[in-house]
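Below is one structure, written out as structure tokens, with a few remarks after it.
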Amino acid sequence: MDAHKQLTIGLFGFGVVGEGLYKVLQQTPSLKASIKKVCIKHSGKIRNAPASLFTTEKEDLLFDENINVIVEVIDDANAAFEIVSIALRNGKAVVSASKKMIAEHLPEILQMQQETGLPFLYEASACASIPVIRNLEEYYDNDLLHAIKAIVNGSTNFILTKMFEEKLDFQSALLLAQQSGFAESNPKLDVEGYDAVNKWAILLNHAYGIVEHPDNILFTGIQHIQLSDAAVAKEKNYDIKLIAQAKKLKNGQVAAFVLPQFVKLNEPLAFVKNEYNGVVIESGFADKQFFYGKGAGSFPTASAVLSDIAALRYDYRYEYKKLYHHHPHELTHDYYLKVYLSFDDWKYIRREKFEWIEEWHADADRKYLIGVLHVNQLTGGNWWRENGSSLILSIDPIIDNLDIINLKKRSLELAGIV
Ligand code: HSE
């Protein structure tokens, strides 16, 4: 597309993000992008836009030859995939915010882009207003990206902030996140970590060339965290955050997961409150960099969609450099993690799952331990999130296989066992 060409948009969805985009586009006439039609599911609702703009027939957009861009911001991942597929195959550029759809269909989406040569952009799908996908794609060379640690879900971060800093109970905090338009229509996707792991699957591709279904990435959400865990965190001068993390191990493979984690209060991610997201990137020469911005909500998400629409003007496409132009990294489940686990009764905890245990405490109603285990102990069973148990990673949790023997020896020496 050349810079003078009019972008004529067919928009799918007029919810929090769709309506935000409609308003934002009205305030940016210089972009020369206008919405010709909006496809919605239910025609009965009153909407803040002329009725003539709306249709319930997807064909009105997908087969209109004057529409050259499809923007898709709907909630239903299966319908979204169908829309994207038809649009690309009909020669239209596509912008999407559907993280679940993209994460679950990455191989097909990559193939369609190769076959059609058309742009498919989705900056809004991870960390909303933070331009993290284009950054990972364009800026960092494959070998220099050592680690990424991020808060990628606004709702859970909002809930943790409200619960632990403003003493709101979980249900009230969730309701507030829903009323503010941050939460998914099924809030289980936020609370239990599904949304975060979908975003992480997308970012792992742009960071390391990893194409992995979210089901194969270790994750949980904030549903098991208890007030007693927050009290332990406070005692140790930590915060608790739902953290998505990836780290290149010494053998070049990548350890990656989304789990609750203790964060030191002076770390950048501890500074990320409410619906904000944050990304800390560790690279070879630049050392640590921190990206921060709103990760959910109408205008912050619309701003990323807008930026993708603007990028279509110069035919920007993701090249998937780490996947196609480098030797892509592999995801591994062969490393160790240092974890805190709180629980109601010792009978739920099997000692043999741990390589070693460094600390344990028992109050009348709640017990906890800090220990090191192989990640297979978590991927291979649910014991750590059943019976009211709550697992939170230590501040620097990943232990490389090559370091485990020395660390184990040192820890046993400290405990006076050898
Ligand atoms: N439910 C998502 C979140 C919306 O809370 O982060 C933005 O992707």
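FYI, it's all coordinate maths here, none of it is from the lab. All of these numbers come straight from a predicted model, not from anything done at the bench. Ideal geometry is used to build each Cβ from the backbone, glycine not excepted, and the neighbour counts take in all protein chains shown.
Observations on the model:
- DSSP beta bridges in the chain [antiparallel fraction, %, rounded to 5]: 70 percent
- Proximal aspartates and glutamates to LYS234, defined as alpha-carbon separation beneath 18 angstrom and excluding residues fewer than eight positions away on the same chain: GLU165, GLU166, ASP169, GLU267, GLU359, ASP363, ASP396
- Rounded to 5, the percent of DSSP beta bridges in the range 132-294 classed as antiparallel: 95 percent
- With the charge dipole of the range 41-145 set up from +1 on Lys and Arg Cβ and -1 on Asp and Glu Cβ about the Cα centre, the Cα lying farthest toward the positive end among the listed residues PHE63, CYS127, LEU53 is that of LEU53.
- Alpha-carbon centroid distance for the pair the range 96-150 / the range 290-349, whole angstrom: 8 Å
- The range 37-102: GluC sites (Glu not before Pro) in DSSP coil with no more than 10 other Cβ atoms inside 10 Å: GLU57, GLU65
- Likely footprinting exposure, MET163, MET101, fewest C-beta neighbours within 10 Å first: MET163, MET101
- Principal axis dimensions, the range 132-294 - Cα atoms, whole angstrom, descending: 44, 35, 25
- Ranking TRP356, SER307, PHE262 by Cα position along the charge dipole of the chain, where only Lys, Arg, Asp and Glu carry charges on their C-beta atoms, puts SER307 farthest toward the positive end.
- Residue (of ALA77, ALA103, GLY91) at the positive-pole extreme of the range 67-124, dipole from beta-carbon charges: GLY91
- As a rough footprinting exposure proxy, the listed residues SER125, SER30, SER390, SER155 were ranked by other beta carbons within 10 Å of their own, and the order from fewest upward is SER30, SER390, SER125, SER155.
- Entries of LYS162/LYS248; LYS99/LYS247; LYS36/LYS149 with Cα pairs more than 28 Å apart: LYS162/LYS248; LYS36/LYS149
- Put in order of Cβ neighbour count within 10 Å, fewest first, the listed residues ILE130, ILE395 become ILE395, ILE130.
- Expressed to the nearest 5 percent, the antiparallel share of DSSP beta bridges inside the range 7-125 is 0 percent.
- Electrostatic dipole magnitude of the range 149-204 [Cβ: Lys, Arg +1; Asp, Glu -1; Cα centre; debye, to 20]: 140 debye
- Cross-link partners for LYS409 among the aspartates and glutamates, with Cα-Cα distance under 14 Å and sequence neighbours closer than 8 places in the same chain left out: GLU355, GLU358.
- The range 223-241 versus the range 44-68: alpha-carbon centroid distance in Å: 48 Å
- Shape category assigned to the range 12-99 from the gyration tensor of Cα positions, a/c cut at 1.5: rounded
- When only Cα pairs below 8 angstrom with a gap of at least 6 residues are kept, the range 336-414 shows a relative contact order of 43 percent.
- Cross-link pairs LYS167/LYS338; LYS188/LYS264; LYS100/LYS188; LYS188/LYS294; LYS264/LYS353 - those with Cα-Cα distance over 19 Å: LYS167/LYS338; LYS188/LYS264; LYS188/LYS294; LYS264/LYS353
- For the chain, a simple Cβ point-charge model (Lys and Arg +1, Asp and Glu -1, everything else neutral) yields a dipole of about 520 debye relative to the Cα centre.
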